[in-house]
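The values are calculated or read from the model by the stated rules, or taken from the named source; none is laboratory data. Computed from a predicted model, the values in this text were never measured in an experiment. All Cβ positions, glycine included, derive from the backbone under ideal geometry; neighbour counts span all protein chains shown.
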There are 4 protein chains.
Amino acid sequence: MIVILRHGHTQEEFEKITKRIEDLGLTPHISKGKERTIIGVVGEDAIAHREQLELLPGVEKIIPILQPYKLVNREFKDTDTIVEVDGVRIGGNEIQVIAGPCSVEGREMLLTVARNIKGAGAKLLRGGAFKPRTSPYTFQGLGEEALLYLAEAKKETGLPIVTELMDPRDAELVYKYADVIQIGARNMQNFRLLKEVGGMNKPVLLKRGISATIMEFLMSAEYILSQGNQKVIFCERGIRTFETETRNTLDLSAVPVLKKLSHLPVIIDPSHGVGRWDLIDSMSKAAVAAGADGLMIEVHPTPEDALSDGPQSLRPERFAKLMEEIRAVARAVGRSI
Amino acid sequence: MIVILRHGHTQEEFEKITKRIEDLGLTPHISKGKERTIIGVVGEDAIAHREQLELLPGVEKIIPILQPYKLVNREFKDTDTIVEVDGVRIGGNEIQVIAGPCSVEGREMLLTVARNIKGAGAKLLRGGAFKPRTSPYTFQGLGEEALLYLAEAKKETGLPIVTELMDPRDAELVYKYADVIQIGARNMQNFRLLKEVGGMNKPVLLKRGISATIMEFLMSAEYILSQGNQKVIFCERGIRTFETETRNTLDLSAVPVLKKLSHLPVIIDPSHGVGRWDLIDSMSKAAVAAGADGLMIEVHPTPEDALSDGPQSLRPERFAKLMEEIRAVARAVGRSI
Amino acid sequence: MIVILRHGHTQEEFEKITKRIEDLGLTPHISKGKERTIIGVVGEDAIAHREQLELLPGVEKIIPILQPYKLVNREFKDTDTIVEVDGVRIGGNEIQVIAGPCSVEGREMLLTVARNIKGAGAKLLRGGAFKPRTSPYTFQGLGEEALLYLAEAKKETGLPIVTELMDPRDAELVYKYADVIQIGARNMQNFRLLKEVGGMNKPVLLKRGISATIMEFLMSAEYILSQGNQKVIFCERGIRTFETETRNTLDLSAVPVLKKLSHLPVIIDPSHGVGRWDLIDSMSKAAVAAGADGLMIEVHPTPEDALSDGPQSLRPERFAKLMEEIRAVARAVGRSI
Amino acid sequence: MIVILRHGHTQEEFEKITKRIEDLGLTPHISKGKERTIIGVVGEDAIAHREQLELLPGVEKIIPILQPYKLVNREFKDTDTIVEVDGVRIGGNEIQVIAGPCSVEGREMLLTVARNIKGAGAKLLRGGAFKPRTSPYTFQGLGEEALLYLAEAKKETGLPIVTELMDPRDAELVYKYADVIQIGARNMQNFRLLKEVGGMNKPVLLKRGISATIMEFLMSAEYILSQGNQKVIFCERGIRTFETETRNTLDLSAVPVLKKLSHLPVIIDPSHGVGRWDLIDSMSKAAVAAGADGLMIEVHPTPEDALSDGPQSLRPERFAKLMEEIRAVARAVGRSI
């Protein structure tokens, strides 16, 4: 941590600040320039005292040096973490594709999608049982009924299940059916929910909030790891910007940035990232080329009948074609699908 | 709802689209221009079928006409809603000030703040018992102990209590102590929590998410009203932009915009809005001039010792001075504090 | 400037970095923490060498300490600058209102507006001769003809003229007619144009770019001052965010922030800031309460006939009423209009 | 264009609005719903009257239907435009790479870079002669001297030159040396400059402003085409968002979006897009996979000595390696480099 003193601070202020630093058990290293005095503050967990120093008279600002995240930091663990789900390895050389409908609307549609995506090469099945919806008047998901259909689809196809947990009161129920528990973008900073899944022994797919910085994204993963659960998969799914041609702006640079800062796997959700089915193929190929460890794609047998996210869902045949295309890109960057 | 057809659509596409509209029990009104054909779609709840029409061949896009919010809409109720809390009326001519520490750090500090803000003219006491914190390693609030201190402070000063509910599992506990239940910015789209407070007979202070549009803000209030609870207070507290001089960008235009679109009261939280104590007086005066129904301000006896939000907290004497200043502005715009 | 070394840097890297610092004529001050080594770099214009140090092996990042702006910095000149235009003082206790049409559409309309705003208490007349328009197919301004009408309006009313310069090739022409030269938001980083007006002996009204940080805004003013012209007035007019209810998000916190960092006056343009005439009164009052030194407001005799910006223009009678309202707010904050 | 009437409008308002529409020579098509009346307005250039209708009593809002851009619209010309520069075709099956230093700092460094990038397979040489710099105190480019070095490098290597025009007063000079004239991000809405290059018979590389919507980007190209110059190349180079890990957020979805809306070629500048050399390879591969027609990459012989943009420049050997990698990705998507 570095303390920068105000231009024109008094000698008395300077002495009080250094004394306070020493009283906190920390060591000050002083550099006096012509225009500014700066104090390097060295010691265990110095940053915890940031706000206390920040308000002392004579202090202009504090600059932290160390990252506030620890367990998710690549400095802490420098080998890539591979999250294994029923034998499917996420974070290794093979790129994994998660596919399925936005929400489970019924038994038939789910089984149709599951068979199709399995045939096309997807390795996990997604489907929402509890849906966060902007309007209270729209379809909110089938709840436990959906979980039963997911279990049936898994039984038939062998595809492990990815489904969202929205409310800590559903934790037990979702835990029972899910192979990967999804934390949605709107809950990325629902810290109680993060602690809840942090206490579980099950992989967590953590979606980036639409206005979350990468730093905040890392800190949310830190919540989960700090409770003991190391199996976290990052999922970038678009951030909110001024642009309106797309639903969100898919931040593909998050892939290499996250992989440099952390050891955890990173996947991309192009369906929410752009919100338009006709852009999904471009963005899927780009995600693979950028180094993503996986993709999560919405597939619906008849998007025009979907109860949610129809405009960003692919038909099964289009999804199968996309799988072919991304396989070629994966090979070009030395990976497989 | 308006359906715009693609340039160069076929006659067959046109006919299928109009047939589908009629099959849905809706009435199409056709306007053929030189470049585009548009179809006005009239009928009960037409917009519910938006996504189904959007994906038909020949459709370029759909434009909704009606707002998706109903109960919060000024068209639904054209008189201002006044939310009453133990005799304090929020949304009327009198501007109400809510003050207190970010989090309740102990009994003494809370009582000190409560006495001071009461003396300066604040009408409600805020204080966090459960704190959403970006890092799992920082102070997370005293929990129920804090609620007991808040109750004691209320008993002594008579100030009603505003405190945050973060987790539906704490609903009963918070309900018992709070006079106004706060839903934090990070939970503005925690729809389960919104339904929970929607079922309570207690005022709700709903904070705007840092990346929420005003439309989404209105929809979140709609969740609460749709469950029966009409006592919602909007609180603008800064949105996330590219600017870094301030913690967030306080969107004061949200005050007149919300008051035009909705009948519910609107207050401003300048402390989070800018995140710097030295800007709070300017922004508080501006908020009152812009037409806000109230302010929520963080006050701490010794901000340099605060366990959270010290840099944006006012000392009691500064708060008292601010109260004098905003009283003058309130009078200038025909209101009182 | 502070150099932060990578976790796990080698001793050799450390030595090369310190040697390079010394070779540049600068002094390194070293603080070795458990996790990171940091080097305070002290010396004349150290920051100019930032990028050269940034790429040395072993360097994680560089943190600048001093602000890159000098002449606009309040540390450089700690008394408020007052820009005087024909006896109208901008930046003093009196708040000045600039009003007029977006673009000068004709002689009659301009004279009508000029008389009206003068009667209501405005002190300067604005009007565009050259208009930056998003579409090449819309009205682009009357050019020199408009300048002649502005001169006539000035002659009759005595109001000094504020008008925009868009192209360095028009500099002489605009210089001849304008009392204050406006640099529009789209040209805030047109550095050649900034240098051009920096060489003139005439006040400059510098509008903030819609995506400019306050730091960049200060740097653009620095361009002008660095050429010798000290008469710069900052004008905040809304920044681009995700919100769509308003044309831009008016960042009123820019007022106190700019006044703390710089000695130059700051005015607000609520017309462009929100882009809706029905919000201008709220935002004007808020701007005055926030501490703005002036306002710039679009007034048109018949907004429904305006060739540009009709939806954000006030009718003369509404403007007169607004002047009354902001006078009251000005008094409440100890200022006059 | 669609006119939406306010809830509760009067019959008289309705009649005045329809009369006004007819008086403007347009045809109103009326749809009366239970909650809203909407009027489809059909006729030549109806949208030009938007603001005039918008302010009539009873009107809630106007919704445009047609895009305001014409010549750049794919509806206007449905075959891909290929821009040819000295035999290099941009917009066809072959992906073209433009490389070179941010600014031409001297003769030797430029020749070194030119030879290297030519050897690695780049087809055009970039280099700035006039540099837009945030600070007036930093290197502003060598001006005409740089243009002479570029000419020499072209003579030796045969690589056509891409260089920026910042000021209309330099138009003749830059025209003489450049094979492609670059309009920088800060000048994307410098409409006078756009008109200037619109009148030239030379390809224009138009960079997207950091806060420009895709719609505004298209409109700026329309300025150029409307003056007769059809040879425009779009260049996405990052937009400004809240994220600070990268200098900008590279919006790769702009590639398919622009290609759907327009017939003009689209290239990507990953160097400015992310501002970090260590992310350029990921983002270059992603750009090619997303369908970009070219890349523009900053290369410097010794980035640690660069006078500008060192941190985002590649060394020649790294650039050569990158060329190999993107060739593989190009092949995977059916294209060549």
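Of the residues contained in segment D:189-203, one or more are found to be more than 9 Å from chain C (Cβ to nearest Cβ) and either under 13 Å from the mean Cα position of the chain (by Cα) or free of Cβ contacts under 8 Å to residues at least 24 places away in the same chain (or both).
Only one entry of B:ILE267, B:ILE297 meets the criterion of being within 24 Å of C:VAL274 (Cβ to Cβ) and of a type in the set (Val, Ile, Thr), and that entry is B:ILE267.
Among the residues of segment C:308-324, those that are within 25 Å of the chain's Cα centre (by Cα) and over 18 Å from C:VAL162 (Cβ atoms) comprise C:GLY310, C:PRO311, C:LEU322.
Take the conditions basic (Lys, Arg) and closer than 30 Å to B:GLU222 by Cα and apply them to B:ARG107. Does it pass? Spelling it out, it is not the case that B:ARG107 is basic (Lys, Arg) and closer than 30 Å to B:GLU222 by Cα.
Considering the conditions (1) more than 22 Å from C:MET219 (Cβ to Cβ); (2) touching a Pro at 6+ places or on another chain (Cβ under 8 Å), C:ILE233 is excluded by exactly one of them, (1). A Cβ distance below 6 Å, combined with a sequence gap of six or more or placement on separate chains, defines the contacts here; from segment D:8-37, residues that are closer than 19 Å to D:GLN52 by Cα and within 12 Å of chain B (Cβ to nearest Cβ) reach residues that are part of a helix (DSSP H, G or I) and among the hydrophobic types (A, V, I, L, M, F, W, C) in the pairs D:LEU26/D:ALA46; D:PRO28/D:ILE21. Note on segment D:220-235: residues that are within 13 Å of chain C (Cβ to nearest Cβ), without any contact (Cβ under 8 Å) to a residue 40 or more places away in the chain and more than 12 Å from D:ILE181 (Cβ to Cβ) amount to 4. In segment B:121-130, the qualifying residues are those that are more than 17 Å from B:ARG107 (Cβ to Cβ) and buried (at least 20 other Cβ atoms within 10 Å of the Cβ), and the one that is nearest to the other protein chains (Cβ to nearest Cβ) is B:PHE130.
Of the residues in segment C:50-72, at least one is at pLDDT 95 or above and more than 9 Å from every other protein chain (Cβ to nearest Cβ).
Consider A:PRO311 against the criteria (1) crowded, with 19+ Cβ neighbours inside 10 Å; (2) assigned to a helix (DSSP H, G or I); (3) within 14 Å of chain D (Cβ to nearest Cβ); (4) of a type outside the set (Asp, Glu): it satisfies all of them except one. Which criterion is unmet? Against the list (1) crowded, with 19+ Cβ neighbours inside 10 Å; (2) assigned to a helix (DSSP H, G or I); (3) within 14 Å of chain D (Cβ to nearest Cβ); (4) of a type outside the set (Asp, Glu), A:PRO311 comes up short only on (3).
Here is a yes/no grid of residues against (1) modelled with pLDDT under 95; (2) out of contact with any strand residue (DSSP E or B) (no Cβ under 8 Å at 6 or more places or on another chain); (3) not aliphatic (A, V, I, L, M):
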residue	(1), (2), (3)
C:LEU125	no, no, no
C:LYS131	yes, no, yes
C:LEU148	no, yes, no
C:LYS154	no, no, yes
C:ALA171	no, yes, no
C:VAL174	no, no, no
C:TYR177	no, no, yes
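Checking A:THR79 against (1) without any contact (Cβ under 8 Å) to a residue 60 or more places away in the chain; (2) more than 9 Å from every other protein chain (Cβ to nearest Cβ), only one condition comes out false. Which one? Answer for A:THR79: the failing condition is (1). Here the condition is being closer than 28 Å to C:LYS70 by Cβ and either among the aliphatic types (A, V, I, L, M) or surrounded by fewer than 17 Cβ atoms within 10 Å (Cβ to Cβ) (or both); of A:VAL41, A:VAL3, it holds for A:VAL3 alone. Considering segment C:169-182, the residues that are among the aliphatic types (A, V, I, L, M) and away from chain D (no Cβ under 12 Å) include one that is farthest from C:ILE224 (Cα to Cα), namely C:LEU173. Within segment D:260-308, restricting attention to residues that are without any contact (Cβ under 8 Å) to a residue 40 or more places away in the chain, touching a strand residue (DSSP E or B) at 6+ places or on another chain (Cβ under 7 Å) and more than 8 Å from chain A (Cβ to nearest Cβ), the residue that is farthest from C:LEU24 (Cα to Cα) is D:VAL266. Of all residues in segment B:259-269, those satisfying the criterion of being buried (at least 24 other Cβ atoms within 10 Å of the Cβ) and not β-branched (Val, Ile, Thr) are B:SER262, B:LEU264, B:PRO265, B:ASP269. Residue count for segment D:17-45, restricted to those that are within 17 Å of B:VAL3 (Cα to Cα) and within 37 Å of the chain's Cα centre (by Cα): 5.
Being at pLDDT 95 or above and within 18 Å of A:ASN190 (Cβ to Cβ) is a property that holds for B:GLY184. Restricting the first member to segment D:106-133 and to residues that are β-branched (Val, Ile, Thr), and the second to residues that are in a strand (DSSP E or B), the beta-carbon pairs closer than 7 Å and six or more apart or on different chains are D:VAL113/D:GLY100; D:VAL113/D:VAL299; D:ILE117/D:ALA99; D:ILE117/D:GLY100; D:ILE117/D:LEU125; D:ILE117/D:VAL299. Meeting the requirement of 2 or more residues that are under 30 Å from C:THR302 (Cα atoms), the helices (runs of 4 or more DSSP H) wholly within segment C:1-120 are C:107-120. Among the conditions (1) in contact with a His (Cβ under 6 Å, 6 or more places away or on another chain); (2) closer than 23 Å to B:SER220 by Cβ; (3) not basic (Lys, Arg), the only one that B:VAL180 does not satisfy is (1).
Residue-level analysis places A:VAL255 outside the set of residues that are more than 27 Å from A:ALA114 (Cβ to Cβ), within 9 Å of another protein chain (Cβ to nearest Cβ) and surrounded by fewer than 24 Cβ atoms within 10 Å (Cβ to Cβ).
When B:GLU105, B:GLU75 are screened for being among the acidic types (Asp, Glu) and surrounded by fewer than 17 Cβ atoms within 10 Å (Cβ to Cβ), only B:GLU75 passes.
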